[in-house]
Amino acid sequence: MSIYLDVLIIINIYVNYFLLKATAKLTHTFLKTSRCVFASIAGSLFALMIFLPPLNFFLNFLLKLAASAVIVALAFGVKKESFLKLVLFFYAANFIFAGVIFAAYILTKPDFMHYNNTYFYIDFSLMALVISTIAAYFIVSIIRYLLDKKNVLNEKFSVIISNMGKVVSLCAASDTGNGLVDVFSGKPVIVCSLKKLEKILPQGYAEAFSNNDIDFLKDFIVSHKDLRGMKLIPFSTINSGGVLPVFAPESVYIKSESKNEIKNVDALIGVCREDNGKCDAIFNPNLII
């Protein structure tokens, strides 16, 4: 059978997109969709190596490493404190996906498969490819969950939030007790003091969010077009429970004051009506691991 160039490129764009999203999930690193798409398209060109004569192991390894570094750099940028970790996790996502594809190959026994220079071309049905991707992403989610259960950090931090063209910096603490996650997006929630968020919220909204009436909050969010990205999610603590307004800001950074390191994280902001005397924001330490 023949290898179709357009199919090869499209499949690799699809796979690269998944691998980058999986890397972002494994590392809790923010990833813009536009950069993810661009990096996936650019990275798909490396798949043309499948048409080259078989390369020796050392040269093949160097080229694969270079390809991974380029794809990760295009997607996440180059920061010396996190770049190597991102490349390693990108490799880990590759191994997970390769394992799932191999299992699918054994189960479905497609008519044609060609493997050369670490790249493969399989005559899979679209459904088989989609199911394989979902299975691999599920495995990544389980791995991330297991890793998250073991990590604890105790340092001084700042959470820097940008929204509506305004920026606010909050004194923050890492706390494994904050396991709040939006079930729809899978994103963790950084719980912040309403009083400290007033600067980056539209005028008058802080007063509305201080209302404890759930029906009032629902109606308020629905009736304001600029709050379409906001939602209410349930929460519970040892002493109380209820719903928490959360929104996706333009950007969120967590800065370690002791190490002077800063990380752009993919998280939602929860608006807490009660002030914590010790800090203005609480996040799960797994966000920066």
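Within segment 45-55, the presence of a residue that is closer than 21 Å to Glu261 by Cβ and out of contact with any strand residue (DSSP E or B) (no Cβ under 8 Å at 6 or more places or on another chain) is excluded. Residue pairs whose Cβ atoms lie under 8 Å apart, sitting 6 or more positions apart in sequence or on different chains, and linking a residue in segment 165-185 that is over 17 Å from Pro249 (Cβ atoms) to a partner that is polar (S, T, N, Q) and assigned to a strand (DSSP E or B), are Cys171/Ser158. So is Val72 in a helix (DSSP H, G or I), free of Cβ contacts under 8 Å to residues at least 24 places away in the same chain, closer than 20 Å to Tyr137 by Cβ and within 15 Å of the chain's Cα centre (by Cα) or not? No.
Could you check how many residues of segment 275-289 are more than 15 Å from Ala24 (Cα to Cα) and touching a residue at least 60 places away in the same chain (Cβ under 8 Å)? So the answer is 10.
Consider segment 1-59 and keep the residues that are exposed (fewer than 14 other Cβ atoms within 10 Å of the Cβ) and β-branched (Val, Ile, Thr). The one that is modelled with the lowest pLDDT is Ile3.
Every residue, every condition in (1) in contact (Cβ under 8 Å) with a residue 12 or more places away in the chain; (2) part of a helix (DSSP H, G or I); (3) out of contact with any Lys or Arg (no Cβ under 8 Å at 6 or more places or on another chain); (4) of a type in the set (A, V, I, L, M, F, W, C), yes or no:
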site: Leu8; (1), (2), (3), (4): yes, yes, yes, yes
site: Val15; (1), (2), (3), (4): yes, yes, yes, yes
site: Thr23; (1), (2), (3), (4): yes, yes, yes, no
site: Arg35; (1), (2), (3), (4): yes, yes, yes, no
site: Gly43; (1), (2), (3), (4): yes, yes, yes, no
site: Pro54; (1), (2), (3), (4): yes, no, yes, no
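Leu217 meets the conditions (1) modelled with pLDDT under 75; (2) more than 30 Å from Ala93 (Cβ to Cβ) in every case but one. The failed one is (1).
Scanning segment 249-288 for residues that are surrounded by fewer than 17 Cβ atoms within 10 Å (Cβ to Cβ), assigned to a loop (DSSP other than H, G, I, E, B) and within 24 Å of the chain's Cα centre (by Cα) returns Glu250, Glu257, Lys259, Asn260.
The values are calculated or read from the model by the stated rules, or taken from the named source; none is laboratory data. Nothing here was measured: the structure is a model prediction, and the numbers come from that model. Every residue, glycine as well, gets a Cβ built from its backbone with ideal geometry; the counts of neighbours run over all protein chains shown.
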